[in-house]
Amino acid sequence: MTNVVTYHVQNHVGVISLNNPPVNALAVNKGVVQGIMDCIQEGEHDPDVRAFVVAGAGKAFSAGADITEFSTVRLPDAVTLPALLAYMDTVTKPLVAAVHGFAMGGGLELALACHYRVAAPGARFALPEVKLGILPGAGGTQRLPRLIGVERALDMIITGDTVDTEAARKLGLVDEVAPGELVRAAVSFANGLVKEARELRRISTLQPRLEQAATVFFEQARARIAKDYRGFPAPLACLQCVENAVYLPFAQGVTKERELFYGLRDSTESKALRHLFFAEREAAKIADVPDDTPVLPLKRAGVLGAGTMGGGIAMNFLNAGIPVTLVEMNQEALDRGVALIRKNYAGTVAKGRLTQAAMDQRLSLLTATIEDSALADVDIVIEAVFEDMELKKSVFGKLDAVCKRDAVLATNTSTLDINEIAAATTRPGKVIGLHFFSPAHVMKLLEVVRGAATDKQTLASSMKLAKTLGKVGVVAGVCDGFIGNRMLHKYTRETHFLLEEGATPRQIDNVLEQFGFAMGPFRVGDLAGLDVSWRIRQRRAATRPANERYSRIADRICERGRFGQKTGAGWYRYETGSRSPIVDDEVQAIIAAASAEAGITRREISDTEVLDRCLYALVNEGARLLDEGIAQRASDIDITYAFGYGFPRYRGGPMFYANTIGLDKVHETVARFHRELGEWWAPSSLLEQRALEGGRFD
Ligand code: T1G
Ligand code: NAD
């Protein structure tokens, strides 16, 4: 027996325990799969063993196949998971899976290859492979429909979402719930099967149930999936497998599943999604902040300013069960902010995604006031007042006086200098940037901006808070716009230059939507409101170098009061009550006039040039951020863009995308843009260096 799998006989039942922390990944090269096989073979030939229980040691049953092995060579003769599960279908003694924590991917497939499943309350069950751009490749697409029905199985496989023990029991995925000692309950369940000579229920022999006509069901599902998962190849392949489960014998269905699995595993899309999976976990690690850095108990929160951001920020804490004191400068603004919070919750209740009781419970944690003094005993305050340095500094001075000494003072500023704000207090070590993204209660990204004086405890506590709030925290250094907005500024600027030279808002939006963005930059601008970025450009005008190329098109649009959807017109115009963008000749005229004013002769611009200039503007600036240490690692930039700026996940983020193109090619194009377009395209030294070395980011 290998030490990643242990075996003992308990009351005539062979208990096989997975012991590969932290998540009992079914690592082939570490002998986990072989270990399970060996245990069962030993028990099959042991007359004293009447049945088997398969369980997981530590925090859970299993998180499935070891994803890190996808890009490594498998040891020759190593037993694979499909081979183990096929063998389990021949075993003559009852096999019972004892599931606690989670059974995901290959872990759930292992449990499905058992004849019965006993689970602890609160366990999670999922086939999340589709989120990694693959599909359940060890029989999951063939066994799950046979056990719980085609409709529910397809839904679980296409979404990759989890179901808990109670829901799993209702589905028939779990046969018994064991509130007490799980393995003991599973052993007695197994002995019960032997005593009652219950039939060995091999799921592979069951018929998949489908409530409606198969052809209609799969036709409708195919149309829906093709629309909802544009750009992701895996969901349609999952559908194909489930369809095979209905039309093909089990063995053939499994063979086809395996073929499709390998095709997806080696795809760029899956490599991109696997990159983001590990990048999300890597982002939580800070080079000079040890994992065991003691964190502050952030049990009570304060939010200052209940505007667009403040309300959403408060909801994150309420959703996590953390009491919030929301402070505004006057009653009218406060009432407006609280009303927006109520409206957001009521909307979620109306969609059936939240119960009225849960809404009431969350709102009961909210204290709304116009008294700053109410923040005296909170553990952390998030400031979200107007984006004005003098106001921020005076507010932080006040918070420094009102709040208890070890309270963390955080600002939600999008662009301002955190060090300057921190200097307005007597506790710069406790000042940090917590940059949420709009809508703050929805967007998963949280830029955790580390000031020069921010202490490690405040940083570690903020990163832990990000996880508590269900956010992905990314550490950024202090600069104008941190990681996301600084790169966005270069990207947006390039789109304006492209307009000046001959492109149109529609062309640029189409190119980037084809690439995979849910919305192109001009539609996003109209949605967010063009006045927000106009105010930032006006603030920057004072410090913009005279010789720096600047496009006036966006200003011209705003000067006409065209702020986007909220004014019925921006880069596009909108019929009343409609969000569908309509190309507006007036905009074309504004653009043509601006080109003439800038002395630019408009020309035909190819979609390739549009794509390269937009994406490489992100990549080149991203490389500068790495050079300057504003971002810790390239994968943090990818996480920022995937979770905060709608960068298509199956592209892995701008830096991963550049790696797939090849940094030599990216550098060559950037250098050409530098020669042909101007100084702002000077290649970053990191890009140059990596291109010369034939290297990759990270
Ligand atoms: N393989 C390798 N490493 C894994 C892993 C996996 N399946 N799951 C987690 N880890 C690492 C993770 O990178 C981190 O490492 C540590 O474990 C703790 O994870 C044939 C082929 C299970 C819900 O998609 O969703 O089976 O950063 O921080 O918050 O069909 O991990 O500490 O170095 O996320 O408690 C399908 C993926 C695989 C599940 C636990 N399975 N994992 O969350 O811990 S494909 C999945 C998760 C498959 C078969 C196919 C979560 C979790 P480090 P963590 P957590
Ligand atoms: P907003 O104008 O919608 O809300 C600001 C609120 O602050 C107003 O309700 C105002 O009454 C209140 N306020 C002003 N002074 C105050 C004081 N002294 N005490 C208490 N309340 C006060 O602005 P917003 O869009 O929510 O932006 C807030 C901050 O978040 C800014 O720093 C902005 O840069 C940043 N931010 C905005 C976005 C966005 O998309 N809107 C995204 C990320 C970060």
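The values are calculated or read from the model by the stated rules, or taken from the named source; none is laboratory data. Values in this document were obtained by computation on a predicted structure and should not be read as measured data. Don't worry about glycine lacking a Cβ; one is built from the backbone with ideal geometry, like all the others, and counts go over all protein chains shown.
If you take the residues of region 93-110 that are assigned to a loop (DSSP other than H, G, I, E, B) and touching a helix residue (DSSP H, G or I) at 6+ places or on another chain (Cβ under 8 Å), which of them is farthest from ligand 2 (Cβ to nearest atom)?
Within region 93-110, the match that is farthest from ligand 2 (Cβ to nearest atom) is K93.
Among the numbered criteria (1) touching a residue at least 12 places away in the same chain (Cβ under 8 Å); (2) within 15 Å of ligand 2 (Cβ to nearest atom); (3) over 30 Å from I605 (Cα atoms), which one does A401 miss?
Just one mismatch for A401, condition (1).
With of a type outside the set (F, W, Y), under 26 Å from E628 (Cβ atoms) and outside any strand (DSSP E or B) as the only criterion, which of S373, S414 stands out?
Result of the check over S373, S414: S414.
In the set A83, A97, A51, which member is buried (at least 16 other Cβ atoms within 10 Å of the Cβ) and within 23 Å of E129 (Cα to Cα)?
Residue meeting the stated conditions: A97.
Report, ordered by the first and then the second residue, all pairs with beta carbons closer than 8 Å, sequence separation of six or more or different chains, a first member in region 81-95 that is under 19 Å from A25 (Cβ atoms), and a second member that is surrounded by fewer than 23 Cβ atoms within 10 Å (Cβ to Cβ) and at pLDDT below 95.
Once the first residue is under 19 Å from A25 (Cβ atoms) and sits in region 81-95, its partners that are surrounded by fewer than 23 Cβ atoms within 10 Å (Cβ to Cβ) and at pLDDT below 95 give L81/V28.
Quickly run through region 377-392 and pick out the residues that are more than 8 Å from ligand 2 (Cβ to nearest atom) and in a helix (DSSP H, G or I).
M389, E390
At pLDDT below 95 and either crowded, with 18+ Cβ neighbours inside 10 Å or among the small types (G, A, S) (or both): is that true of G311 in this structure?
Judged against the criteria, G311 is not a match.
In region 576-650, which helices (runs of 4 or more DSSP H) lie fully inside it and hold 1 or more residues that are under 24 Å from the mean Cα position of the chain (by Cα) and closer than 23 Å to K665 by Cα?
Output list reads 607-628, 634-644.
Does at least one position in region 135-154 carry a residue that is more than 22 Å from P249 (Cα to Cα), hydrophobic (A, V, I, L, M, F, W, C) and near ligand 1 (Cβ under 9 Å from one of its atoms)?
No, the conditions are met nowhere in region 135-154.
Output the residue which, of all residues in region 605-634 that are over 23 Å from A287 (Cβ atoms) and polar (S, T, N, Q), is surrounded by the most Cβ atoms within 10 Å (Cβ to Cβ).
N620
Of all residues being of a type in the set (S, T, N, Q) and touching a strand residue (DSSP E or B) at 6+ places or on another chain (Cβ under 9 Å) in region 393-438, which is farthest from ligand 1 (Cβ to nearest atom)? Just the residue, please.
T425
Of all residues being of a type in the set (S, T, N, Q), without any contact (Cβ under 8 Å) to a residue 40 or more places away in the chain and loosely packed, with under 12 Cβ neighbours inside 10 Å in region 329-373, which is nearest to ligand 2 (Cβ to nearest atom)? Just the residue, please.
The extreme case among them is Q331.
Which one of R152, R143, R169 is in a helix (DSSP H, G or I), free of Cβ contacts under 8 Å to residues at least 40 places away in the same chain and of a type in the set (K, R)?
Answer to the selection: R152.
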